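The values are calculated or read from the model by the stated rules, or taken from the named source; none is laboratory data. From a predicted model like this one, the values you see are computed outputs, not experimental measurements. Heads up, the Cβs are rebuilt from the backbone with ideal geometry, glycines too, and the neighbour counts pull from every protein chain shown. With ligands, DNA and RNA removed, areas are computed over all heavy atoms of the protein, side chains included. Shrake-Rupley method; radii C 1.70, N 1.55, O 1.52, S 1.80 Å.
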Amino acid sequence: MSKRTIREAEIMDIQGLAHVHLNSWLTTYRGIVPDNYLDNLKLESRIELWTRVLDPSNGSMTFVLESPSGEIAGFINGGASRKKGLDIEAEVYSLYLLKEAQGKGHGRELMNRMIGYFREQRYRSMLVSVLEDNPAVPFYQKMGGRFLMSELLEISGEQVKELCMEWRNLDELA
């Protein structure tokens, strides 16, 4: 298999980011969130979302996992923590890989790239929120994440539990 690269996202990546985001939701969350919610997800709304996310005034950072052919196979997005009152400075807002890119170490590479960025920004701690039934929970635990708290979210009329995992000291990570 040819080497994939990780680089900072650019405006030209919006379509690829939207594709990965949509398809990751469809393959990861089936049986976790209501089917009617997933069945109504549209690529156009993800394109609109990523157009806003990549606006420089947004203040977040996005890295993409790019295949040798130039296709986006995954991404990570993060920035300052949106959860106030927790004394945690940074947050991974989203990390998604296409199903065929999972289980190959790319998630770890993306996380390490974001942790490096957070350190450059002088953030000392971070968190990530993940649905309790998401198969990525053990991945975050292997990356050193520790359970902080849980919240109930309502998605399409159903409640799902979201876990908040923390890393209190980014300098302790390898």
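With respect to the conditions (1) touching a residue at least 40 places away in the same chain (Cβ under 8 Å); (2) among the small types (Gly, Ala, Ser); (3) in contact with an Asp or Glu (Cβ under 8 Å, 6 or more places away or on another chain), residue 24 lacks only one, and its number is (3). Residues of the range 78-89 that are free of Cβ contacts under 8 Å to residues at least 40 places away in the same chain and crowded, with 19+ Cβ neighbours inside 10 Å: 79 alone. Of all the residues in the range 10-28, those that are over 15 Å from residue 52 (Cβ atoms), open to solvent by 10 Å² or more (accessible area, probe 1.4 Å) and among the β-branched types (Val, Ile, Thr) number 2. Contact map, the range 158-170: residues that are at pLDDT 95 or above paired with residues that are basic (Lys, Arg) and not in a loop (DSSP other than H, G, I, E, B), Cβ distance under 7 Å, separation 6+ or inter-chain. Pairs shown: 165/146; 166/146. For the range 73-89: of the residues being at pLDDT 95 or above and hydrophobic (A, V, I, L, M, F, W, C), which is farthest from the chain's Cα centre (by Cα)? Selected residue: 88.
Residues are listed down the side, and each one gets a yes or a no for (1) touching a Phe, Trp or Tyr at 6+ places or on another chain (Cβ under 9 Å); (2) assigned to a strand (DSSP E or B); (3) charged (D, E, K, R):
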{"position": "45", "(1), (2), (3)": "no, no, no"}
{"position": "52", "(1), (2), (3)": "no, no, yes"}
{"position": "62", "(1), (2), (3)": "yes, yes, no"}
{"position": "65", "(1), (2), (3)": "yes, yes, no"}
{"position": "69", "(1), (2), (3)": "no, no, no"}
{"position": "74", "(1), (2), (3)": "yes, yes, no"}
{"position": "78", "(1), (2), (3)": "yes, yes, no"}
{"position": "88", "(1), (2), (3)": "yes, no, no"}
{"position": "93", "(1), (2), (3)": "no, yes, no"}
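Yes/no per residue for (1) modelled with pLDDT under 95; (2) in a helix (DSSP H, G or I):
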| site | (1), (2) |
| --- | --- |
| 1 | yes, no |
| 7 | no, no |
| 14 | no, yes |
| 19 | no, yes |
| 22 | no, yes |
| 25 | no, yes |
| 37 | no, yes |
| 41 | no, no |
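Residues of the range 112-132 include at least one that is more than 26 Å from residue 7 (Cα to Cα) and within 14 Å of the chain's Cα centre (by Cα).
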